[in-house]
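Notes for the one structure printed next.
The values are calculated or read from the model by the stated rules, or taken from the named source; none is laboratory data. The shown structure was predicted, so the numbers you read here are calculated from the model rather than taken from an experiment. When we count neighbours, we look across all protein chains shown, and the Cβ atoms used for this are built from the backbone with ideal geometry, even at glycine. Just the protein is used for accessible areas: all its heavy atoms, side chains included, with ligands, DNA and RNA removed. Shrake-Rupley method; radii C 1.70, N 1.55, O 1.52, S 1.80 Å.
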Amino acid sequence: MTYGGGWLDRAGGRRADPGWISERLADADSTVLALWRDRCLVDADGSPVRLTAADSGAVLPRADQTVFLGLDGTAAVFAVDLSARTEREAAALVGAASAVDVRTLVGRLGPADAAIQGYARGLLHWHRQQRHCGGCGAATVTTFGGHARTCAACDRLLFPRIEPAIIVLVEAPGSPDRCLLARHNGAPEGSYSTLAGFVEVGESLEDAVRREVAEEAGVVVGDVAYQGSQAWPFPAGLMVGFRATAESDRIEVDGEELLEARWFTRAELRERVAAGRPLGRVDSIDHHLLTSWLAEG
Ligand SMILES: [Zn+2]
C-alpha cells in the first residue's frame with residue numbers, strides 16, 4: 001500500500017534521548033528531508049531534496065522544526081519544516097527548484113521515498129497545528145525527537161494526532177457478485193468510488209462501517225471483515241479498509257454526501273477500466289479494495 005511499508009526503524013526507545021538525536025544530526029551518514037507547507041522541496045528534475053549532515057548545518061538553525069523520522073539501516077533520516085519562509089526562500093535555502101505535493105510524485109518516487117515523504121509531511125503538519133496546549137493554551141515544546149510535544153505550563157504530553165476513517169467495499173447479497181460504488185458530492189460525472197467516512201467518538205471501526213453505509217447509501221450491512229489499512233497523512237488520516245455484505249440490494253442515497261450509488265458487477269468494472277476509467281486513485285486503498293475484489297472472479 002502506498003505511503004506505508006515500515007521502511008524506517010523509528011527507534012522508539014532511543015529517540016527520547018536528546019544527546020542521541022544530536023549525535024545523529026551531526027553524523028555524516030544522516031540525511032535531512034526538507035518540506036515547506038506540506039510540500040516536499042524538489043530539485044529541477046523533480047526529485048525530493050535530501051541534505052547531508054554537512055549541507056544541513058546552515059539549514060537546521062533556520063528551520064521552524066526538525067524531527068527525527070528513523071533509521072535507514074544505521075543512517076538517521078530527519079525532516080525539517082521551512083514553512084515560515086516564502087516558497088522561494090525555502091527553496092533557495094536547500095538548493096531546491098520548487099515545492100510539490102508528494103501525491104503528484106507517485107509513480108516516479110519509489111515506495112520507500114513516497115512513504116517517508118508522507119510520514120514527514122504528516123508529522124511536520126501536526127507540529128504546526130500543536131504549537132499551543134489544548135488544555136491551558138500555553139506554548140508547547142518538541143520532545144522525543146519530534147514525536148511528542150509538552151506544555152511548558154501544565155506539563156501535558158501531546159502526541160501526534162491521527163484521524164481514523166473507514167473505507168469499505170460493500171457486496172450485494174446473492175448473485176451475481178456485485179459491489180456498491182457511489183458518486184460523491186463534488187466528484188465528476190461518471191466517477192465512482194467505495195464508501196468512506198471518519199470514525200466518531202465512542203464507535204468501533206465496525207460500528208463506523210455500518211453507520212456510514214446506512215447513512216450515506218441507505219444500505220444495511222451484516223458481516224464486516226477487515227481487509228487492511230493505509231497511512232494517509234494528508235493531513236492526518238489512517239484509512240482502515242473493510243469488506244462488508246449488504247442484507248438487501250436496496251439503495252437510498254442521502255443526496256448530500258452521495259449523489260448516486262449503484263451495484264456494479266465485475267464485468268462492468270472491467271469495461272470501465274478498459275474504457276480508460278481508473279478504479280480510484282492509484283495510490284489509494286480504494287483502488288486496492290477494488291482491484292482485489294476484481295481479481296477474485
Ligand atoms: Zn498546558
Matching residues, segment 236-258, being part of a strand (DSSP E or B), open to solvent by 10 Å² or more (accessible area, probe 1.4 Å) and either farther than 23 Å from Gly122 by Cβ or assigned by the TED database to the domain that holds Arg128 (or both) | Arg243, Thr245
Of the residues that make up segment 184-198, is at least one more than 30 Å from Leu123 (Cα to Cα), modelled with pLDDT of 95 or more and in contact with a helix residue (DSSP H, G or I) (Cβ under 6 Å, 6 or more places away or on another chain)?
-> no
Only residues in segment 148-160 that are free of Cβ contacts under 8 Å to residues at least 40 places away in the same chain count as the first member; pair them with residues that are of a type in the set (Val, Ile, Thr) and near the ligand (Cβ under 8 Å from one of its atoms), Cβ under 8 angstrom, at least 6 apart or cross-chain, and list the lot.
-> Arg149/Thr140; Thr150/Thr140; Cys151/Thr140; Ala152/Thr140; Leu158/Thr140
Per the filter on segment 148-177, residues away from the ligand (no atom under 16 Å from the Cβ) and among the acidic types (Asp, Glu) are Glu163, Glu171, Asp177
Could you please give the count of residues in segment 265-297 that are surrounded by fewer than 19 Cβ atoms within 10 Å (Cβ to Cβ), not in a helix (DSSP H, G or I) and not β-branched (Val, Ile, Thr)?
-> 7
Read through the list (1) under 22 Å from the mean Cα position of the chain (by Cα); (2) open to solvent by 40 Å² or more (accessible area, probe 1.4 Å), then give the number of the only condition that Pro233 fails.
-> (2)
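Here is a yes/no grid of residues against (1) among the small types (Gly, Ala, Ser); (2) within 26 Å of Ala231 (Cα to Cα); (3) in contact (Cβ under 8 Å) with a residue 60 or more places away in the chain; (4) open to solvent by 80 Å² or more (accessible area, probe 1.4 Å):
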position: Asp9; (1), (2), (3), (4): no, yes, yes, yes
position: Leu25; (1), (2), (3), (4): no, no, no, no
position: Arg37; (1), (2), (3), (4): no, yes, yes, yes
position: Ala44; (1), (2), (3), (4): yes, no, no, yes
position: Ala54; (1), (2), (3), (4): yes, no, no, yes
position: Pro61; (1), (2), (3), (4): no, no, no, yes
Looking only at segment 85-99, decide whether some residue is out of contact with any Leu (no Cβ under 7 Å at 6 or more places or on another chain), within 16 Å of the ligand (Cβ to nearest atom) and open to solvent by 40 Å² or more (accessible area, probe 1.4 Å).
-> no
Within the bounds of segment 126-141, is there any residue that is within 15 Å of the ligand (Cβ to nearest atom), open to solvent by less than 40 Å² (accessible area, probe 1.4 Å) and either of a type in the set (Phe, Trp, Tyr) or in a strand (DSSP E or B) (or both)?
-> yes
From the options Arg250, Arg243, residue that is touching a residue at least 12 places away in the same chain (Cβ under 8 Å) and out of contact with any strand residue (DSSP E or B) (no Cβ under 6 Å at 6 or more places or on another chain) | Arg250
